[in-house]
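Heads up, the thing below is written out as structure tokens.
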There are 2 protein chains.
Amino acid sequence: MDMQNSLLNRLFDAGLLIETGVDGLYGRSGAFEDVITRFEALIGAFGAADNAEAIRFPPGMNRAHFEGSGYMKSFPQLAGTVHSFCGCELDHMNLLQCMAEGGDWTKGQEATDIVLTPAACYPLYPTIAKRGPLPAGGGLYDLQSYCFRHEPSKDPARMQLFRMREYVRIGTPDAVREFRQTWMERGRQLIETVQLPVEIDVANDPFFGRAGRMMSNNQRDQNLKFELLIPVTSTARPTACLSFNYHQDHFGTTWGLKTADGETAHTACVGFGLERIALALFAHHGLDTADWPAPVRKALWG
Amino acid sequence: MDMQNSLLNRLFDAGLLIETGVDGLYGRSGAFEDVITRFEALIGAFGAADNAEAIRFPPGMNRAHFEGSGYMKSFPQLAGTVHSFCGCELDHMNLLQCMAEGGDWTKGQEATDIVLTPAACYPLYPTIAKRGPLPAGGGLYDLQSYCFRHEPSKDPARMQLFRMREYVRIGTPDAVREFRQTWMERGRQLIETVQLPVEIDVANDPFFGRAGRMMSNNQRDQNLKFELLIPVTSTARPTACLSFNYHQDHFGTTWGLKTADGETAHTACVGFGLERIALALFAHHGLDTADWPAPVRKALWG
């Protein structure tokens, strides 16, 4: 915890991150953003030969799609629904009165049709399903968006709003498993290119509650999730910076995704936690990018 | 309305925008994103000599700062608060039961400390105030973020989640008025560079309710807001793509922003509606960027 605080404070002092008064919600300096831009270009270079279809969703998604995804079963504590004032002028006067008295004015807000995106790929599956059966060979998509997770923390690697870059493969079980294997190898190479220590391990998602513990165990037992770990604030507990997920037919069944042969499609994704990777670079190579090792600078800035 | 629907459908058919089932919430294709990236680079080129400090806030801001800004007085209908599930396992079982029965499960969501950013500059003022008095000459900031406004619409130029690029000037009344004048001229040049028809007019914000009508009139009478208008879905009612706003001492007083001389700082901003500009480009030059006029292609892609 001390090392987390210490890195966070050093990033504030250097102006790379900017306090907002809410844990896990930070402004980014131009230098911080530049590292993310350059690292994304490097990801793009590693993935370029595959000709993924680029789609960029905004940081919110259709609530009906979110509800259909099953996210509230697994991670209710992390989701963020968007609510608005839908009242008349009298309601507005009461609301302002409530605010002036320091009351909880948010009670009157009503849920909109939008939920904050919990992971970059959630809006993708219903979108692709709507197109009809996949082409022969399946589909490959390149995504990036801000994502929200309600987990306020002083750990700079655990932000409430952060960006996730993803490649998503939809197709036969063999095709999506091969995709995941390819990216586990590429991910390791990519991180070694920027001279960060790397370790890949089986992992599980933070499923909610006691029933969730069983889901976590199943996920581990079946090797459905791997993470690429880099020490950021702790060597004993390195941070997951990339994850490699095989969803089997979960999203295929949920959204009716079909291969060209009419089979239920399987899906897999590789996700890059862009802020976490930037933090790992600053933690290992120093807070001034001008001082980073020449090969790292060359890999990022050319 | 027909022309709005028609442009929106053409954008869907061309795959430039992607339906999500919610009006004003769309995915963007790689080609659409590329136009925004290139136009942002052009904005940056026009503003480069000023050496603005780049800051990128995430698409949500501290609720306390939002509350302090006065936004709920003026535009309560547009704001989006972020709510989460904060219950125990039993609450979770009830929530899932409610969802399974098609009930309104969102009633149990509780407000978090985060509100969606209504305009890119809202998180800036309290951040700058926290630094203490401004340096001599004041400050100049370069911002961009996704912004949320709860106004579902079939007009593609009225999205619920869209990106706003902004330059914000904080300083003496003379300095901020000069900044605004400079950007009104630059904005016109910028848009002429990409061969779009342009008109600048005095404007007002969509203040809520009857009391709001008086605020709108005041804003117009005092020439506090100008908009750069481009026909997108209608020549009779062109779309505001840039706005030039002089806030007088509103944010300076609200947040205690002080010039180096200890006076309350004035503020002004120029905001670029990035999706609107991209829509204007597609509406005027065609849906395939390869067919755009050579000088436009050169201005954007070099």
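The values are calculated or read from the model by the stated rules, or taken from the named source; none is laboratory data. This one's a predicted model, so the numbers in the text were calculated from it and none came from an experiment. Every residue, glycine as well, gets a Cβ built from its backbone with ideal geometry; the counts of neighbours run over all protein chains shown.
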Quick test for you: out of B:ARG297, B:ARG276, pick the one residue that is out of contact with any His (no Cβ under 7 Å at 6 or more places or on another chain), within 27 Å of B:GLY24 (Cβ to Cβ) and not small (Gly, Ala, Ser). B:ARG276
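Residue-by-condition table, conditions (1) surrounded by fewer than 17 Cβ atoms within 10 Å (Cβ to Cβ); (2) under 17 Å from A:ALA79 (Cβ atoms); (3) not aliphatic (A, V, I, L, M):
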site	(1), (2), (3)
B:ILE18	no, no, no
B:ASP23	no, no, yes
B:GLY27	no, no, yes
B:MET72	no, no, no
B:VAL82	no, yes, no
Considering the range B:46-65 alone, what residues qualify as being more than 7 Å from every other protein chain (Cβ to nearest Cβ) and over 23 Å from A:ILE114 (Cα atoms)? B:PHE46, B:GLY47, B:ALA48, B:ALA49, B:ASP50, B:ASN51, B:ALA52, B:GLU53
Within the range B:174-191, is even one residue within 14 Å of chain A (Cβ to nearest Cβ), on the phi < 0 side of the Ramachandran plot and of a type in the set (D, E, K, R)? no
By residue number, the members of the range A:216-233 that are under 21 Å from the mean Cα position of the chain (by Cα) and in a loop (DSSP other than H, G, I, E, B) are A:ASN223, A:LEU224, A:PRO231, A:VAL232, A:THR233
Please work out which residue is farthest from the other protein chains (Cβ to nearest Cβ), limiting yourself to the range A:90-109 and to residues that are closer than 30 Å to A:MET159 by Cα and either in a helix (DSSP H, G or I) or touching a residue at least 60 places away in the same chain (Cβ under 8 Å) (or both). A:GLY108
For the range B:118-156, how many residues meet the condition of being part of a loop (DSSP other than H, G, I, E, B), crowded, with 17+ Cβ neighbours inside 10 Å and facing chain A (nearest Cβ under 10 Å)? 3
In the range A:33-66, what residues are in contact with a Gly (Cβ under 9 Å, 6 or more places away or on another chain) and over 21 Å from B:PHE32 (Cβ atoms)? A:ARG38, A:PHE46, A:ALA64
Within the group B:ARG188, B:ARG213, which residue is touching a strand residue (DSSP E or B) at 6+ places or on another chain (Cβ under 9 Å), surrounded by fewer than 16 Cβ atoms within 10 Å (Cβ to Cβ) and assigned to a helix (DSSP H, G or I)? B:ARG188
Confirm whether A:ASP205 is in the same structural domain as A:GLN144 (by TED's automatic domain parsing), without any contact (Cβ under 8 Å) to a residue 40 or more places away in the chain and either farther than 25 Å from A:GLN4 by Cβ or not aromatic (Phe, Trp, Tyr) (or both). no
Residues that are of a type outside the set (A, V, I, L, M) and within 16 Å of A:ARG158 (Cα to Cα), drawn from the range A:11-31: A:PHE12, A:GLU19, A:THR20, A:GLY21, A:ASP23, A:GLY24, A:TYR26, A:GLY27, A:ARG28
Note on B:MET72: of the conditions (1) in contact (Cβ under 8 Å) with a residue 12 or more places away in the chain; (2) assigned by TED's automatic domain parsing to the domain that holds B:LYS154; (3) over 30 Å from B:ALA290 (Cα atoms), unmet is (1)
Answer yes if at least one residue in the range A:42-59 is in contact with a Pro (Cβ under 7 Å, 6 or more places away or on another chain), buried (at least 20 other Cβ atoms within 10 Å of the Cβ) and within 26 Å of B:CYS147 (Cβ to Cβ), and no otherwise. yes
Criterion (within 28 Å of B:MET3 (Cα to Cα) and among the aromatic types (Phe, Trp, Tyr)) met by exactly one of B:PHE162, B:PHE179: B:PHE162
Answer with yes or no whether A:ALA157 is assigned by TED's automatic domain parsing to the domain that holds A:ASP205, touching a residue at least 40 places away in the same chain (Cβ under 8 Å), of a type in the set (A, V, I, L, M, F, W, C) and touching a helix residue (DSSP H, G or I) at 6+ places or on another chain (Cβ under 6 Å). yes
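Yes or no, residue by residue, for (1) more than 7 Å from chain B (Cβ to nearest Cβ); (2) over 20 Å from B:TYR122 (Cα atoms):
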{"site": "A:VAL22", "(1), (2)": "no, no"}
{"site": "A:ARG28", "(1), (2)": "no, no"}
{"site": "A:VAL35", "(1), (2)": "yes, yes"}
{"site": "A:ALA41", "(1), (2)": "yes, yes"}
{"site": "A:GLY44", "(1), (2)": "yes, yes"}
{"site": "A:MET72", "(1), (2)": "no, yes"}
{"site": "A:PHE75", "(1), (2)": "yes, yes"}
{"site": "A:VAL82", "(1), (2)": "no, no"}
{"site": "A:CYS88", "(1), (2)": "yes, yes"}
